[in-house]
1. Could you give the length gained on full extension between A174 and F93, defined as 0.36 nm per residue of separation minus the Cα-Cα distance, in nm?
2. So how much slack lies between Q186 and Q77, counting 0.36 nm per residue of separation and subtracting their Cα-Cα distance, in nm?
3. For the chain, with all protein chains present and a 1.4 Å probe, just round the carbon and sulfur fraction of the accessible area to a whole percent.
4. Summing Lys, Arg as +1 and Asp, Glu as -1, what charge do residues with Cβ under 12 Å from the Cβ of G154 carry, G154 excluded?
5. Angle between the Cα long axis of helix 170-185 and the longest principal axis of the chain, 0 to 90 degrees, nearest 10?
6. Could you tell me the relative contact order of the chain? Use alpha-carbon pairs under 8 Å, at least six residues apart, and round to a whole percent.
7. Run the simple label-point estimate for R69 and R13 please: 7 Å along Cα→C-beta, distance reported in nm.
8. Hand me the trypsin sites (Lys or Arg not before Pro) from segment 53-131 located in a DSSP loop with no more than 16 other Cβ atoms within 10 Å, in residue order please.
Amino acid sequence: GERPVVLELSDLRVGYGAIEALHGIDVTVRQGEVVALLGANGAGKTTTLRTISGLLRPHSGSVVLEGRRIDGMKAHQVVGLGVGHVPEGRRVFPAMSVLENLQMGAYRFRRVPTEDLDRVFTLFPRLAERRAQQAGTLSGGEQQMLAIGRALMGRPRVLLLDEPSMGLAPLIVAQIFDIVAEINRQGTTVLLVEQNATQALRLADRGYVLETGSVVMSAEAATLLADPRVREAYLGEG
Ligand code: ATP
């Protein structure tokens, strides 16, 4: 049968003041999947992730994580339940070392599990080499790796990635996507927000297309990749 649902957004409405940014969206993420959330600038992708993490409170609708409602909870509680959020623009702690950033990611545990650090350093050998370096002096790609590694240290049940490819050179983007694929192979469920629709859909099992706060399409990734409307609007073809 189908894999169990990890994350379920139902009729989610979210706004900023009087402006509604999400007009009642439904998104389902099942265990072990990579689900891509696509759409143009301002479509509501970041708003969706920030609502899941408890940084924004929906006007109505619900966010359910493994059967438990989490909308209305505080962000630290949501982290504690296993939602790992890698925000847009990375946001590492610039004055801390690589190692300290990773240790911060494990703050919900009483002590930092050595095996988790080993796992992150195996996934990202660059971070192992630079463990004592101040995070603010890392390259953009290295900071993205650190932000992902830090989220993994919280042992997420689901990993939310907000435009991991943003502002990075194509070679680095390819590396990041390969590592996300490996993280998923190791068992982590991923909800991936991307402007880079082609690469996101190659990695993803399924995808949702957001337009001005509504889901206008949802399908298997291969179906979306082949869809003429998607190709024209998001894959730079037409
Ligand atoms: P981008 O790729 O540019 O981040 P996005 O799909 O992630 O786009 P959101 O950032 O979620 O889109 O924005 C959705 C809508 O909400 C947009 O119309 C945006 O202007 C609005 N919005 C986002 N953040 C705020 C805010 N802090 N205050 C007011 N409006 C906001």
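The values are calculated or read from the model by the stated rules, or taken from the named source; none is laboratory data. None of the values given here were measured: they were computed from a predicted structure. We place every Cβ from the backbone using ideal geometry, glycine too, and count neighbours over all the protein chains shown. Please note that ligands, DNA and RNA were not included when accessible areas were found on the heavy atoms of the full protein model with its side chains. Shrake-Rupley method; radii C 1.70, N 1.55, O 1.52, S 1.80 Å.
1. Details: separation 81, 0.36 × 81 = 29.16 nm, distance 2.45 nm.
Length gained, A174 through F93: 26.7 nm.
2. On the way: separation 109, 0.36 × 109 = 39.24 nm, distance 2.48 nm.
Extra length from Q186 to Q77 when fully extended: 36.8 nm.
3. Working: 5430 of 11030 Å².
Percent of accessible area from carbon and sulfur atoms in the chain: 49.
4. The answer is +3.
5. Between the helix axis and the principal axis of the chain, the angle is about 90 degrees.
6. 26 percent.
7. Spacing of the two 7 Å Cα→Cβ label points: 1.6 nm.
8. K74, R91, R108, R110, R111, R131
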